[in-house]
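Below is one structure, written out as structure tokens; the observations come after it.
All of the numbers you see were taken from the coordinates with simple rules; none came from a lab. Given the structure is predicted, the values throughout are model-derived calculations rather than measurements. Ideal geometry is used to build each Cβ from the backbone, glycine not excepted, and the neighbour counts take in all protein chains shown.
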Amino acid sequence: MNIWLIRHGMTVPGEEGRYQGFLDESLSEKGRAALVRASFSPSHVYVSPAKRARETASILFPDAEQISVPGLREMNFGVFEGRTWKEMENDPQYREWVDGMCLGPCPGGESRAEFSERVCNAFLSIPEMEDLEKEKSSKSEDLIIVSHGGTQMAILERWGRPARDYYDWQRPCGCGWKLSLKESENTASMPDQPAAAEHDAIELFVQEGVCFIHQ
């Protein structure tokens, strides 16, 4: 199976370099104009419930049913949302978070570990939803997810192959990855592994980076 992880288009806060997280901003005029309709038309796509993700999916795949997956939302940056790093460079809470490699909890928000666990659990729930969708149609389709940059990075830090660092999976707005979903031979060959190890059986092999923006 092929999986497409696509980042939403640009927003005004994004253009200004502001942390967005749970802020529910629409695409900017520039962001809408940059996106182009995809060359293929799936029956359905999985989306973050954020406006910027749903609006992006509507432009790329206008005929597709959108299936909202709340766990695919961007990281909750708490009190940092709506602000730029420049505005917070002397904020002690922000300095503490940055000095901790941005791994600790954002005040009023999530830590990266909490965020990644949420996103990965949401991703693991999609195959069950996909089975229900397949009952509606006999056509075999790729699995398409329109969400956020952080969402892509969290999923691929855990399962992307070849393995890369979290930030190395980042892609521009309107872009993403086309991947092949495979079962890990290493885990599959170890029947005595606990059930939790089934999560590690997933491997997402990069086929290509993709963009749905005007070149």
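Rounded to the nearest 20 debye, what is the charge dipole size of the chain about its Cα centre when +1 sits on each Lys and Arg Cβ and -1 on each Asp and Glu Cβ?
That gives the chain a dipole magnitude of about 680 debye.
With the cut-off at 23 Å, report for the chain the share of all Cα pairs above it, as a whole percent.
Above the 23 Å cut-off, the chain has 48 percent of its Cα pairs.
Can you give the longest stretch of the chain with no exposed loop site, where a site means trypsin sites (Lys or Arg not before Pro) in a DSSP loop (not H, G, I, E or B) with at most 10 other C-beta atoms within 10 Å?
That gives 1-85 as the longest site-free run.
Apply the Karplus curve 6.51 cos²θ - 1.76 cosθ + 1.60, θ = phi - 60°, to the phi angles in segment 42-52 and return the couplings in whole Hz, x for Gly and Pro.
Once rounded to whole Hz, the list reads x, 6, 8, 9, 9, 9, 5, x, 5, 3, 5.
Can you work out the Karplus-derived ³J(HN,Hα) for every residue in segment 89-98? Use 6.51 cos²θ - 1.76 cosθ + 1.60 with θ = phi - 60°, whole Hz, and x for glycine or proline.
3J(HN,Hα) across segment 89-98, in whole Hz: 4, 10, 7, x, 5, 5, 4, 4, 5, 5.
Which residues' amide hydrogens lie under 5 Å from the amide hydrogen of Val47, considering only partners 5 or more residues apart or on another chain, with H built in the peptide plane?
Ile67, Ser68, Val69, Val146
At 222 nm, what value in deg cm²/dmol follows for the chain if DSSP H runs of at least 4 each add -39500 (n - 2.57) and the sum is divided by all its residues, to the nearest 500?
The helix contribution divided over the chain gives -9000 deg cm²/dmol.
Counting only residues 5 or more places away or on other chains, whose amide H sits under 5 Å from the amide H of Val36 once H atoms are built in the peptide plane?
Distant-sequence amide H within range of Val36: Ile213, His214.
Using the 4.7 Å Cβ rule, please list in number order the cysteines from the chain without any candidate partner.
Result for the chain is Cys102, Cys106, Cys120, Cys173, no neighbouring Cys Cβ within the cutoff.
Which of these, Leu23, Leu103, Leu156, has the largest mean-square fluctuation under a Gaussian network model of the chain (Cα springs below 10 Å)?
Of Leu23, Leu103, Leu156, the Gaussian network model singles out Leu103 as fluctuating most.
With unit charges on the beta carbon (Lys/Arg positive, Asp/Glu negative), name the residue among Trp177, Asn121, Ile59 whose Cα is farthest towards the positive pole of the charge dipole of segment 2-211.
Ile59
Taking Cα pairs under 8 Å and at least six residues apart, what relative contact order does the chain come out at, in percent?
Rounded, it is 28 percent for the chain.
Which residues' amide hydrogens lie under 5 Å from the amide hydrogen of Cys175, considering only partners 5 or more residues apart or on another chain, with H built in the peptide plane?
It is Arg7, Phe212, by chain and number.
What list of ³J(HN,Hα) values in whole Hz, one per residue of segment 59-70 in order, does the Karplus curve 6.51 cos²θ - 1.76 cosθ + 1.60 (θ = phi - 60°) give from phi, with Gly and Pro shown as x?
7, 6, 9, x, 9, 8, 5, 9, 10, 7, 10, x
Taking the Cα centre of the chain as the origin and placing charges on Cβ (Lys, Arg +1; Asp, Glu -1), which of Val12, Phe80, Trp97 is farthest toward the positive end of the dipole?
The Cα lying farthest towards the positive end belongs to Val12.
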